[in-house]
1. When both residues are 6+ apart or on different chains and their Cβ atoms are under 8 Å apart, which pairs have a first residue that lies in the range 176-188 and is free of Cβ contacts under 8 Å to residues at least 40 places away in the same chain, and a second that is assigned to a helix (DSSP H, G or I) and open to solvent by 30 Å² or more (accessible area, probe 1.4 Å)?
2. Just to verify a result, which residue in the range 1-27, among those that are β-branched (Val, Ile, Thr) and in contact with a Lys or Arg (Cβ under 9 Å, 6 or more places away or on another chain), is most open to solvent (accessible area, probe 1.4 Å)?
3. So, Phe480, is that one closer than 29 Å to Leu642 by Cα, surrounded by 15 or more Cβ atoms within 10 Å (Cβ to Cβ), of a type in the set (A, V, I, L, M, F, W, C) and without any contact (Cβ under 8 Å) to a residue 40 or more places away in the chain or not?
4. Return the residues of the range 240-250 that are within 19 Å of Ala401 (Cα to Cα) and either open to solvent by 10 Å² or more (accessible area, probe 1.4 Å) or aromatic (Phe, Trp, Tyr) (or both); say none if nothing qualifies.
5. Residue under question is Ser413, and the condition is that it be closer than 22 Å to Ala501 by Cβ and surrounded by fewer than 19 Cβ atoms within 10 Å (Cβ to Cβ); does it hold?
6. Within the range 228-245, can one find any residue that is among the small types (Gly, Ala, Ser) and either closer than 19 Å to Met287 by Cα or assigned to a helix (DSSP H, G or I) (or both)?
7. Checking Ile440 against (1) within 22 Å of Lys345 (Cα to Cα); (2) buried (at least 23 other Cβ atoms within 10 Å of the Cβ), which test does it fail?
8. Can you list the helices (runs of 4 or more DSSP H) lying wholly within the range 103-207 that have 2 or more residues being over 22 Å from Lys434 (Cα atoms) and within 37 Å of the chain's Cα centre (by Cα)?
Amino acid sequence: IQLQEEAVITLQCLGKFGDGAFEDIFTTNVDFSSKYDHHIRLNLKGSKEVFSSGFCLDDECWRLYEKQVHDLLSQGLGDRTKSVRVIWRNSSSGCSLEKGFSTLDREPLIVGISMSTPEKAFRVVDIGPDAEDRDAVLKFRKFWGEKAELRRFQDGRIAESTVWETKDWTKHLILKRIVEHVLVRHLSLSETNITQIVDQLDFSLLHGGTDPVSFFPNLLGTFEVLERRLRSIEDVPLKISHVQPLDPALRSTSVFPPEPHPLANEKGSGGKLSKLTSSCIQPLEVMIQLEGSGNWPKDDVAIQKTKSAFLLKIGESLQSNWGMRCDATEDEVVVLLSGYAFRLKILHERALALVNSGIANQRAKRVFGADKSLFFESQHASMIKGLLKPYPAYGPVVRLAKRWVASHLFSASLADETVELLVAYLFVKSLPFKTPCSRITGFLRFLRLLADYDWAFSPMVIDMKDDLSPSDKKEIEDNFRLSRKGYAGNMQNISPAMFLATSYDKASEAWTSSSPNSMELKRLIAYARSSANLLTKLICQDESDSLRWECLLRTPFNNYDAVVLLHGDKLPFPRHLLFPSLVNQGRVVARGNASKSFSPFFSSEDLRGRNLQKLKDKLMVDFDPLRLYVTDLKREFSTVKLWYDALGGDAIGLTWDRSGSKKRQRDEQEDEEKDPVSILKGVGEAGKGFVKSVHLVKVPKLT
């Protein structure tokens with residue numbers, strides 16, 4: 001059966017890619033850990049049931065047991081699966097004949113399951129035989145035991161069924177529950193002898209024991225209310241013609257989509273306050289477009305001022321008509337509604353056309369650069385939104401990938417959109433694999449893609465709907481060759497180091513033009529390869545220690561020249577922190593006390609007063625001390641390369657930057673006159689009240 005499946009996939013590769021299918025068919029590693037969606041290990045050491053039939057049959061007992069496990073799982077899972085593969089590698093590759101068969105039962109029996117579709121795999125109810133069919137009912141009850149129950153369905157049918165009630169954010173565990181029930185019931189195995197690779201990394205996505213993605217329906221409903229209100233505004237010279245969500249939280253790809261905040265409500269209303277009421281709220285980006293008009297000014301500065309005037313007027317209208325709190329700047333307006341903050345920005349297409357046409361002068365390009373970025377964000381959001389329905393596993397895989405990127409301090413190297421495109425590539429170009437239906441398998445393929453792709457000599461083309469024409473592909477290839485033309489003899493400093501092309505960005509301008517650079521990409525590849533190797537071992541080998549799984553998201557600090565530790569209780573969302581950081585090497589060169597001027601939660605004194613308006617005034621929108629601190633360090637210490645976790649990490653890695661720009665060389669000459677300890681003390685002083693300690697791990701080799 002597996003041989004036939006592989007033949008079908010090979011034919012699909014040949015049909016889709018022709019001569020270009022060679023690498024997919026012959027050089028891509030399709031191993032057990034990356035091929036299947038769901039992995040099971042059964043520890044059968046000393047199991048009497050396995051060996052009760054003896055060793056001297058033509059079909060040895062382990063083969064009979066493989067078949068028994070296969071048949072049980074196939075019957076229990078039914079159309080939830082496309083295939084089930086059971087293998088008992090009953091002796092290790094290093095087995096010595098002199099030792100006989102003493103190691104025969106030490107290797108676990110492993111099972112790989114390919115899901116049919118997520119809709120079928122995560123179905124809550126399985127319908128069995130009708131109540132009138134007594135023989136079938138008895139057989140059904142014998143197989144399922146206490147899980148079998150008689151139910152009346154909406155169409156009037158009365159039938160046996162099994163029900164796997166669960167919350168939406170835990171539906172990916174339904175298969176695990178079914179497998180456990182079947183194997184425990186029919187093989188007399190204890191739960192401790194059954195290891196299923198399903199939810200070992202879920203801890204990294206939880207917030208207070210719950211996956212915040214469970215708030216997505218509420219968030220989407222609130223956005224729809226905002227959209228209706230914006231479209232209904234009458235007291236603005238131009239009507240709002242288009243409202244589009246741009247934030248990852250509004251397309252299910254944010255690691256931590258925000259929970260409703262009790263103070264982010266309309267005037268006079270407020271939710272229930274708890275002891276851990278956050279003093280910060282994260283705004284969600286929304287783009288709006290106005291109906292066309294020929295009365296826009298032609299001067300670039302005047303265009304920006306006009307956009308600001310529109311934003312102010314929109315904010316005033318929302319405030320006066322619906323009592324919504326609005327905070328405005330020249331570039332945006334932030335509005336609070338039903339527990340959420342939304343940051344509104346206007347995309348002016350004429351300004352965008354000026355930049356793209358090449359007519360605009362340098363000043364105009366700087367002014368309208370935000371419009372071009374907004375355009376890219378808009379196109380990207382539309383493209384990613386189209387993946388969510390056909391590929392339900394896409395969102396969880398992206399969230400795990402983003403968590404891994406941030407945990408290893410690569411937040412400045414890979415933009416959120418870059419990670420989303422890399423994972424999208426796995427889904428739209430899955431061959432020679434089947435499209436991933438589980439988060440861990442998808443995450444493993446992401447790590448391998450990052451580690452193994454030929455970034456120096458191949459553009460990555462993300463063609464969502466196979467709608468790129470031959471001329472589009474030629475344009476992408478020409479752009480890629482142009483980007484590599486000047487580096488024929490030295491591929492160390494190519495730019496962009498990671499060339500990602502899409503239908504809206506054929507020259508890789510949007511997300512990877514400046515990062516990752518060659519050095520960052522090299523480091524990324526090394527980390528991805530190491531994590532992929534570890535994850536492969538965790539899936540296939542008899543390893544169930546949770547600490548080993550945590551190692552996938554713990555970064556080693558000995559790979560940095562210096563490390564800055566931050567006060568965890570001064571982060572805006574301290575519960576996003578995975579593990580408190582510890583540095584055991586090097587020496588401490590600076591220490592600092594925590595500031596008393598900021599707390600991520602409202603104090604008991606604030607909450608005791610219960611003055612809602614006063615509390616709302618204290619609510620900080622988009623306050624992120626880590627981002628502000630990193631910005632300061634980049635400006636003041638140009639010879640130091642910064643690595644950090646933007647999702648809530650309490651550590652910043654520092655490496656001595658030896659790039660070749662003339663300005664940096666001048667800075668290096670000035671810094672060479674300083675002791676490295678003095679530089680690091682300055683780094684600590686710049687973050688006074690926020691920095692806990694600064695550690696010198698490696699003394700720099702000064703040239």
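1. Here the result reads Glu180/Glu191; Val184/Glu191, each pair linking the range 176-188 to a residue that is assigned to a helix (DSSP H, G or I) and open to solvent by 30 Å² or more (accessible area, probe 1.4 Å).
2. Just the residues of the range 1-27 that are β-branched (Val, Ile, Thr), to begin with: 1, 8-10, 25, 27.
Now narrow it down to the ones that are in contact with a Lys or Arg (Cβ under 9 Å, 6 or more places away or on another chain): 1, 9.
Numbers: Ile1: 143, Ile9: 28 Å².
My answer is Ile1.
3. On the way: closer than 29 Å to Leu642 by Cα: yes; surrounded by 15 or more Cβ atoms within 10 Å (Cβ to Cβ): yes; of a type in the set (A, V, I, L, M, F, W, C): yes; without any contact (Cβ under 8 Å) to a residue 40 or more places away in the chain: yes.
For Phe480, the condition - closer than 29 Å to Leu642 by Cα, surrounded by 15 or more Cβ atoms within 10 Å (Cβ to Cβ), of a type in the set (A, V, I, L, M, F, W, C) and without any contact (Cβ under 8 Å) to a residue 40 or more places away in the chain - is met.
4. Let us first name the residues in the range 240-250 that are within 19 Å of Ala401 (Cα to Cα), namely 247-250.
Hits for the range 240-250 are Asp247, Pro248, Leu250.
5. On the way: closer than 22 Å to Ala501 by Cβ: yes; surrounded by fewer than 19 Cβ atoms within 10 Å (Cβ to Cβ): no.
No, not satisfied.
6. So the first thing to find is which residues in the range 228-245 are among the small types (Gly, Ala, Ser), and the list is 232, 241.
Of the ones still in play, those that are also either closer than 19 Å to Met287 by Cα or assigned to a helix (DSSP H, G or I) (or both) are 232, 241.
Yes, the range 228-245 contains a residue that is among the small types (Gly, Ala, Ser) and either closer than 19 Å to Met287 by Cα or assigned to a helix (DSSP H, G or I) (or both).
7. Of everything listed in (1) within 22 Å of Lys345 (Cα to Cα); (2) buried (at least 23 other Cβ atoms within 10 Å of the Cβ), Ile440 misses just condition (1).
8. Those helices (runs of 4 or more DSSP H) span 174-187.
The values are calculated or read from the model by the stated rules, or taken from the named source; none is laboratory data. These figures come from a predicted structure and were not determined experimentally. Cβ atoms come from the backbone with ideal geometry, glycine included; neighbour counts cover every protein chain shown. Accessible surface is based on the protein model in full, side chains and every heavy atom, while ligands, DNA and RNA are left aside. Shrake-Rupley method; radii C 1.70, N 1.55, O 1.52, S 1.80 Å.
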